[in-house]
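S.K.: Have a look at the structure that comes next, please.
The values are calculated or read from the model by the stated rules, or taken from the named source; none is laboratory data. In this text, all values refer to a predicted model and were calculated from it rather than measured experimentally. Virtual Cβ from ideal backbone geometry, glycine too; neighbours counted across all protein chains shown. Heavy atoms of the whole protein, side chains included, go into the accessibility calculation; ligands, DNA and RNA do not. Shrake-Rupley method; radii C 1.70, N 1.55, O 1.52, S 1.80 Å.
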Amino acid sequence: MRSILFLACLFLSLDVLAQNEAYEKKTFTTRSGKALPYRILYPKNYDPKKGDKYPLIIMLHGSGERGSDNEKQLVHGGKLFLQDEIRNQFPAVVVFPQCPQESSWMSLKLERSGQKVSVSEHYAKRPNWPLGAVLSLTKQLRKAERIDKKRLYIMGLSMGGFGTIEAISRKPKVFAAAAPVCGGSDTTLCRRYAKRLPLWVFHGDADKTVPVELSRQLVAKLQALNADVQYTEYQGVGHNSWDNAFAEPGLIPWMMEKKKK
């Protein structure tokens, strides 16, 4: 039994190692000198000097993957973009930035009182520096890499779901589509992006960490504004609804077909 467990752990470690090697380690430095670690996955046979231009996907992790190791952010979603079917049919430049432990992608504040979770109503005047750095990194990559400027996408889970909506609220003209998973938002700003890009929102109805009502409220507001939004709610699923969302066969094809006009 011990040998079986050892082999299982060994194969898992090798799998993680292969995943980590596929995503190159890099660091983005802000004008103020702050460092944002990120991992980047290039399409197969990518040539930065010539050839096709590719979509750019920004993936924002949750609070549990914060840190400075430049590894943990690949835990959820990293394998998705390594699937042969995805890499062959939907080649893209994929970026997983890592938020430092002491900060957050989101400027909204979550407050808990027993089983009740409340969210501050409005974003701060300026984004937290890690999200600002992600937006600056996105701009830099558009210029430095072979990126199709009409096909920039952003997605994220939990804290990253909040960050996804905050990013498109602050930069509604940049992204061609967004996919927030078990997140929330300042719904007073929906009008900024409602007519500018499509969204696919995901949440589990048994989520005790981020209330499903936050996604329901977001979707209801967007629908009232006649936005291009679709919503998938998983019955009996808790906070890890990203497992279901990333298993959706239509997610990446849906995203990749969207283009800025």
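S.K.: Out of the residues in region 155-184 that are hydroxyl-bearing (Ser, Thr, Tyr) and touching a strand residue (DSSP E or B) at 6+ places or on another chain (Cβ under 9 Å), state the one that is surrounded by the most Cβ atoms within 10 Å (Cβ to Cβ).
M.R.: Step one: of region 155-184, the residues hydroxyl-bearing (Ser, Thr, Tyr) are 158, 164, 169.
Add one more test, that the residue is touching a strand residue (DSSP E or B) at 6+ places or on another chain (Cβ under 9 Å), and what stays is 158, 164.
Working: SER158: 28, THR164: 30.
Within region 155-184, the match that is surrounded by the most Cβ atoms within 10 Å (Cβ to Cβ) is THR164.
S.K.: Another question about this same structure. What is the one condition in (1) assigned to a loop (DSSP other than H, G, I, E, B); (2) over 13 Å from LEU41 (Cα atoms) that GLU85 does not satisfy?
M.R.: Failing condition for GLU85: (1).
S.K.: Also, I was wondering about something else. Considering every residue within region 225-232, establish whether at least one is open to solvent by 50 Å² or more (accessible area, probe 1.4 Å), of a type in the set (Ser, Thr, Tyr) and without any contact (Cβ under 8 Å) to a residue 60 or more places away in the chain.
M.R.: Start the filter on region 225-232 by keeping residues that are open to solvent by 50 Å² or more (accessible area, probe 1.4 Å), which leaves 226, 228, 230-231.
Still in the running and of a type in the set (Ser, Thr, Tyr): 231.
Still in the running and without any contact (Cβ under 8 Å) to a residue 60 or more places away in the chain: 231.
Scanning region 225-232 turns up at least one residue that is open to solvent by 50 Å² or more (accessible area, probe 1.4 Å), of a type in the set (Ser, Thr, Tyr) and without any contact (Cβ under 8 Å) to a residue 60 or more places away in the chain.
S.K.: Please work out if LEU214 is hydrophobic (A, V, I, L, M, F, W, C), more than 25 Å from ARG39 (Cβ to Cβ) and either out of contact with any Pro (no Cβ under 6 Å at 6 or more places or on another chain) or buried (at least 19 other Cβ atoms within 10 Å of the Cβ) (or both). Working first, answer last.
M.R.: Working: hydrophobic (A, V, I, L, M, F, W, C): yes; more than 25 Å from ARG39 (Cβ to Cβ): yes; either out of contact with any Pro (no Cβ under 6 Å at 6 or more places or on another chain) or buried (at least 19 other Cβ atoms within 10 Å of the Cβ) (or both): yes.
In short, yes.
S.K.: Does region 171-204 hold any residues that are polar (S, T, N, Q) and in contact with a helix residue (DSSP H, G or I) (Cβ under 8 Å, 6 or more places away or on another chain), and which are they?
M.R.: Of everything in region 171-204, those that are polar (S, T, N, Q) and in contact with a helix residue (DSSP H, G or I) (Cβ under 8 Å, 6 or more places away or on another chain) turn out to be SER185, THR187.
S.K.: Can you find a residue that is part of a loop (DSSP other than H, G, I, E, B), farther than 30 Å from LYS50 by Cα and open to solvent by less than 10 Å² (accessible area, probe 1.4 Å) anywhere in region 108-126?
M.R.: yes
S.K.: Also: Name the residue, out of LEU197, LEU152, that is open to solvent by less than 50 Å² (accessible area, probe 1.4 Å), modelled with pLDDT of 95 or more and farther than 18 Å from LEU36 by Cβ. It would help to see each step written out before you state the result.
M.R.: Values: LEU152 fails: farther than 18 Å from LEU36 by Cβ.
Result: LEU197 is the single residue among LEU197, LEU152 that is open to solvent by less than 50 Å² (accessible area, probe 1.4 Å), modelled with pLDDT of 95 or more and farther than 18 Å from LEU36 by Cβ.
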